[in-house]
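To keep things clear, I will list the structure first and then write my remarks on it.
The values are calculated or read from the model by the stated rules, or taken from the named source; none is laboratory data. Given the structure is predicted, the values throughout are model-derived calculations rather than measurements. Every residue, glycine as well, gets a Cβ built from its backbone with ideal geometry; the counts of neighbours run over all protein chains shown.
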């Protein structure tokens with residue numbers, strides 16, 4: 001059994017770096033099955049079960065706390081939520097776990113975040129807010145079983161942080177054609193188009209990342225696509241993945257809640273239908289903060 005720091009490393013490489021199982025296996029020098037077990041599975045060391053850490057990962061609590069912590073990175077330390085404050089807020093929302101469970105999750109979440117926190121102190125940083133009609137977009141790898149074999153499938157995930165809803169489209173790759181096709185399918189499922197879409201500096205959309213003096217330069221085809229559909233693209237600051245932390249958290253949320261264990265699929269269309277139905281049902285949940293049902297988050301209502 002691997003130690004917790006090794007498991008955290010595997011989870012980080014899978015969730016935030018979107019590395020394939022083969023790449024993780026080769027990078028860490030471990031067996032492919034071991035990498036698969038800890039990257040996509042829910043098997044954790046016994047001590048985690050004693051601390052009931054599963055509540056934070058298998059239910060919505062970890063996603064809620066992660067979203068709060070991402071936002072707090074933009075604040076001065078004296079203005080950030082304390083562990084006690086987070087625990088009290090969760091209790092008001094119906095959380096049945098212990099203070100120790102929450103504190104352990106927060107400690108684990110903050111591991112490896114020191115560099116990100118330093119980056120947020122840069123003048124170019126913005127305080128993250130989530131108004132209606134704004135979306136975040138990112139790719140993530142999802143596992144599935146096709147023709148009796150485990151396969152990694154690229155998945156385009158879009159979130160609407162204001163309503164906390166998500167859409168995911170399986171695709172054959174992460175090139176520009178796949179990106180634009182995936183966005184079209186999401187717009188169709190959404191029944192509309194967000195006003196602004198935040199992305200990282202993906203090469204399929206960004207020619208030159210933004211810096212202290214200049215805004216990002218987008219690829220002409222991507223700008224034409226944005227103009228056609230009427231949304232404004234926003235690029236994150238370099239090495240500031242926290243600026244789209246909602247979608248990064250949601251990639252893991254989709255993976256662990258809807259495709260673990262890996263579903264058996266016929267093809268990408270079949271996988272698309274499965275995810276569409278599961279996420280449609282998930283969007284009927286009451287919003288954890290607003291205590292109301294927000295389907296789209298495309299208006300100010």
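Values for this structure:
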read-out	value
Residue list for the range 1-30, filter: modelled with pLDDT under 80 and touching a strand residue (DSSP E or B) at 6+ places or on another chain (Cβ under 6 Å)	18
Count - residues of the range 253-282 that are surrounded by 19 or more Cβ atoms within 10 Å (Cβ to Cβ) and at pLDDT below 85	1
Flag if residue 143 is within 18 Å of the chain's Cα centre (by Cα), over 18 Å from residue 247 (Cβ atoms) and outside any loop (DSSP other than H, G, I, E, B)	yes
For residue 136: the one exception among (1) over 26 Å from residue 8 (Cα atoms); (2) at pLDDT 90 or above; (3) buried (at least 17 other Cβ atoms within 10 Å of the Cβ)	(1)
Odd one out for residue 233, checked against (1) in contact with a helix residue (DSSP H, G or I) (Cβ under 9 Å, 6 or more places away or on another chain); (2) within 22 Å of residue 178 (Cβ to Cβ); (3) part of a helix (DSSP H, G or I)	(3)
Residue match in the range 85-96 (condition: assigned by TED's automatic domain parsing to the domain that holds residue 206, surrounded by 18 or more Cβ atoms within 10 Å (Cβ to Cβ), modelled with pLDDT of 90 or more and in contact with a helix residue (DSSP H, G or I) (Cβ under 6 Å, 6 or more places away or on another chain))	no
Qualifying position, being outside the structural domain of residue 36 (by TED's automatic domain parsing), exposed (fewer than 14 other Cβ atoms within 10 Å of the Cβ) and at pLDDT below 85, among 213, 228	213
Residue within the range 112-124 that is in contact with a strand residue (DSSP E or B) (Cβ under 9 Å, 6 or more places away or on another chain), more than 19 Å from residue 66 (Cβ to Cβ) and either at pLDDT below 90 or surrounded by fewer than 16 Cβ atoms within 10 Å (Cβ to Cβ) (or both) present	no
Hey, residue 203 touching a strand residue (DSSP E or B) at 6+ places or on another chain (Cβ under 8 Å), surrounded by fewer than 20 Cβ atoms within 10 Å (Cβ to Cβ) and not assigned by TED's automatic domain parsing to the domain that holds residue 94 or not	no
